[in-house]
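Notes to accompany the following structure.
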Amino acid sequence: MTSLAAAPATLEPVRFGEFLLERAVITEQQWLAALAAHWSDRKSTIGATLVEQGVLARARVEAEAALFHDELDVVEIVDRLPRIQRDTERM
């Protein structure tokens, strides 16, 4: 009898710009222009870049960000061993 091991769970990166594009909040051209600016100056987020370029109002970015974060699956990691026991077992 052969048992099939479950495939390990993987987390897919979800990008805010792609989320906006899929929801038709921005066009592909706006998305690509924002990405180009974002990649050249990584100090700002894609949302801030879209606001700076005048594509979206800050309030719209914040509203979309709230939706974006609400749709993310939350992965909860529960540590079953008390810290002191876990540290002892590693030795």
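Quick notes on this one:
- Restriction of the trypsin sites (Lys or Arg not before Pro) in region 10-52 to DSSP coil positions whose beta-carbon has at most 10 other beta-carbons within 10 angstrom yields Arg42, Lys43.
- The charge dipole of region 25-73, taken about the Cα centre with unit charges on the Cβ atoms of Lys, Arg (+1) and Asp, Glu (-1), comes to about 280 debye, rounded to the nearest 20.
- Size check on region 16-71: the Cα extents along the three principal axes, sorted descending, read 29, 21, 18 Å.
Read-outs: derived from the displayed coordinates by stated rules, not from any lab. In this text, all values refer to a predicted model and were calculated from it rather than measured experimentally. Counting neighbours? That spans all protein chains shown, and the Cβs are built from the backbone with ideal geometry, glycine included.
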